[in-house]
Amino acid sequence: MTKDDFGYVRERMISDLRKRGICDERVLDALRLVPRHRFVRDQFLSKAYGNYTLPIGDEQTLTQPWVVARMSELLAVEPTHRVLEIGTGSGYQTAVLARLARWVFSLERIGDLAKAAVGRLQELEIDNVKIGHFDGTVGWGEAAPFDRILVTAGAPKVPKPLLDQLAEGGILVLPEGGRTQQKLVKYRRGAKKIRRIECEEVGFVPLIGRNSWTS
Ligand code: SAH
């Protein structure tokens, strides 16, 4: 495929996402700006813009575009926001968030994945992202509070430190449920209480750490 072919298939991905109900124009523009093929392994290049979950090594996966778009939409990121992401993986969702937010802090527990993601984001000259290599279930205390928090691995329930690091008025989205099947859940922190809304069914790899699955 040539570069132009990728431009064409990327536009097709955007119109597919619209047909499947994604309507936030800022989110669609962010997905239009990020070259997803740069985040996939060579053998999956032809699938880069299809609605597939793709292997990225270490038994981890790159999330399919519809789920990336839906989570970004639920998160309602604004240009002034500081966002915390747990589960950098390939760095694709990180790059999308970087187009929507002021700063993105992203944590990955697997060193090789974190390193590869840093390299990809540098190549794309995305300079408003900080990637950390440690257990994201404890959050990122020094950089808190965050306006938005996105977890891209499945947890049995929301890790408490993440809710504690959410600013007032902030939103946290994560897949909550079993080891392979979960529901996207949106939390919004009010002045006095935290609201919880259940959304679509999803299938993420497990969130492994001190405040989630232990292995
Ligand atoms: N958003 C990524 C999805 C990666 S899959 C992408 O689109 O490429 C989920 C990632 O979460 C995996 O890379 C996994 O290693 C990571 N992960 C799991 N538990 C974690 C934890 N406690 N802290 C940080 N990262 C974690």
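Just so it is clear, none of the values below were taken in a lab; they were calculated from the coordinates. All values derive from a computational prediction rather than experimental measurement. All Cβ positions, even for glycine, are placed from backbone atoms using ideal geometry, and neighbour counts span all protein chains on display.
Among the GluC sites (Glu not before Pro) in the range 10-71, those placed in a DSSP loop whose Cβ has at most 10 other Cβ atoms within 10 Å are 59. Ranked by the mean number of other Cβ atoms within 10 Å of their residues, highest first, the peptides 186-192, 89-95, 174-180, 129-135 fall in the order 89-95, 174-180, 129-135, 186-192.
In terms of its C-alpha gyration tensor, the range 7-73 comes out prolate, because a/c is 1.5 or above and the ratio a/b outweighs b/c. With axes computed from alpha carbons, what is the tilt in degrees of helix 3-19 against the longest principal axis of the chain, rounded to the nearest 10 within 0 to 90? Approximately 50 degrees, to the nearest ten.
Between their Cα atoms, which of 115/160; 19/192; 115/186; 115/183; 19/183 are more than 32 Å away from each other? Long pairs (Cα-Cα over 32 Å): 19/192.
The reciprocal of the average 1/r between distinct C-alpha atoms defines the Kirkwood hydrodynamic radius, which for the chain equals 17.1 Å.
Relative to the Cα centre, the charge distribution of the range 1-124, modelled as +1 at Lys and Arg Cβ and -1 at Asp and Glu Cβ, gives a dipole magnitude of about 160 debye. Between 0 and 90 degrees, the angle of helix 111-123 with respect to the longest Cα principal axis of the chain falls at about 60 degrees. Each Cα pair under 8 Å and six or more residues apart adds its sequence gap; the mean of these over the residue count of the range 46-137 is a relative contact order of 24 percent.
From the Cα gyration tensor of the range 1-125, with a ≥ b ≥ c the square roots of its eigenvalues, which class applies: rounded if a/c is under 1.5, or else prolate if a/b is larger than b/c, or else oblate? It comes out oblate by the Cα gyration axes.
Placing unit charges on the Cβ atoms only, positive for Lys and Arg and negative for Asp and Glu, gives the chain a dipole magnitude near 580 debye about its Cα centre.
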